[in-house]
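K.L.:
Take a look at the following structure, please.
Just so it is clear, none of the values below were taken in a lab; they were calculated from the coordinates. What you see is a predicted model; the values in this text were computed from it and never measured. Note that we place each Cβ from the backbone using ideal geometry, even for glycine, and neighbour counts take in every protein chain shown.
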Amino acid sequence: MNRRAWIQFGFLAAFWGASYLFIKVALDDGVGPAPIVFARTALAALVLLPLALRLGALGGLRGQVGPILVLALIQVAAPFMLISVGEQDLPSSLTGILVATAPIFTFLLAFALSGEERAGTVSLAGVGIGVAGVGLLLGVDAGGGTAALVGGLLVVLASLGYGLGAWYLKRNIHGVEPVGVVAATMAASALMVAPLAVIDLPSQAPALDAVVSLVALGVLGTGVSFVLYYSLIASVGPARASLVAYVAPGFSVIYGVTLLDEAFTWATAAGLVLIVGGSWLAAEGRPPWRRSEPAVEAAPAPEAARA
């Protein structure tokens, strides 16, 4: 990777890792989960749709409206909503770590539903390590009783949605540029969530920090981030670009601890290592030091990066 690619990689990890900080600030200012999801998807669509049009990436969507709507529901609208609801009772740093379980679900679904992934020893060990990390975070680090436990399970369920969406995308949507798929799913998700957002409008105008957080979440944490991600795919390949999914949780911890005064305990550190390491092993089927760049032309956005 050249210097420009490293800079893009750093900004991408920083933006995606900040998503949970932005969500937490908006929640603490009284903005409900549905308005948060609507704001981020609508703003992301405003960023991505003009780019997709300029690149001619929307032409392949004809005849695939149904699959796009299903994908928007299971991989964007529902997971975003689950994360926003769950984070009401969780620290932003813990939320960012739990979302990193998505590659584990991607592996399990690919193996269970289609047999596409071989259940190698390293991958299965990664699943076990990741599950242990989830148990450690929810059992020790959440520290908020039943509400925090339920919130954590909702975030993990969102990661399952990301994995299911990746499997559905691979099986049902073909011949569409990735940026076109993302732009269309963001727009469709905004439309799906709009009625809930209207019902859940805050009783008073949000504070300035909440408004800034929502704009940053939609424009930087979602829209601009996907532009950076596809730029990295073009320059260094999808396998190297996808590594951002394992770096972003570290940024979420840094933001939560330094900007929101969230606690950083031994359980936080251990859970981060176990989940990120287990997700890597489950997805790669090999230790990091034996990684090689696979010969693939394109890849969907990393699941962890979608939140």
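K.L.:
Across the chain, where is the longest run that never hits GluC sites (Glu not before Pro) in a DSSP loop with at most 14 other C-beta atoms within 10 Å?
P.N.:
117-296
K.L.:
I'd like to verify something in the chain: which complete DSSP H helices, judged by Cα projection on the helix axis, reach 30 Å or more and average at least -1.0 on the Kyte-Doolittle scale?
P.N.:
33-54, 145-172, 178-199
K.L.:
Separate question: Calculate the spin-label point distance for Asp29 paired with Val257, positioning each point 7 Å from the Cα along the beta-carbon direction, and give it in nanometres.
P.N.:
2.6 nm
K.L.:
Separate question: With the Cα gyration tensor of the stretch 138-236 in hand, give its eigenvalues times 5 under a square root as the equivalent ellipsoid semi-axes, listed largest first in whole angstrom.
P.N.:
28, 22, 16
K.L.:
Above 12 Å lies some portion of the pair distances; for the stretch 156-200, what is it as a whole percent of all C-alpha pairs?
P.N.:
Roughly 70 percent, rounded to a whole number.
K.L.:
Which shape class, rounded, prolate or oblate, goes with the stretch 1-122 when its Cα gyration tensor gives a ≥ b ≥ c as root eigenvalues, a/c under 1.5 marks rounded, and past that a/b bigger than b/c marks prolate?
P.N.:
Because its axes are fairly even, with a/c under 1.5, the stretch 1-122 counts as rounded.
K.L.:
Semi-axes of the equivalent ellipsoid of the stretch 23-78: what are they in whole Å, largest first, if each equals the square root of 5 times a C-alpha gyration tensor eigenvalue?
P.N.:
27, 15, 6
K.L.:
Now a separate question. What FRET efficiency comes out for Val198 versus Phe264 if R0 is 51 angstrom and r is the Cβ-Cβ distance? Round to the nearest 0.05.
P.N.:
0.85
K.L.:
What does the C-alpha gyration tensor say about the overall shape of the chain? Classify as rounded when a/c is under 1.5, otherwise prolate if a/b is larger than b/c, or oblate.
P.N.:
Rounded.
K.L.:
Can you tally the net charge around Ala142? Count Lys and Arg as +1, Asp and Glu as -1, for every other residue whose Cβ sits under 13 Å from the Cβ of Ala142.
P.N.:
-4
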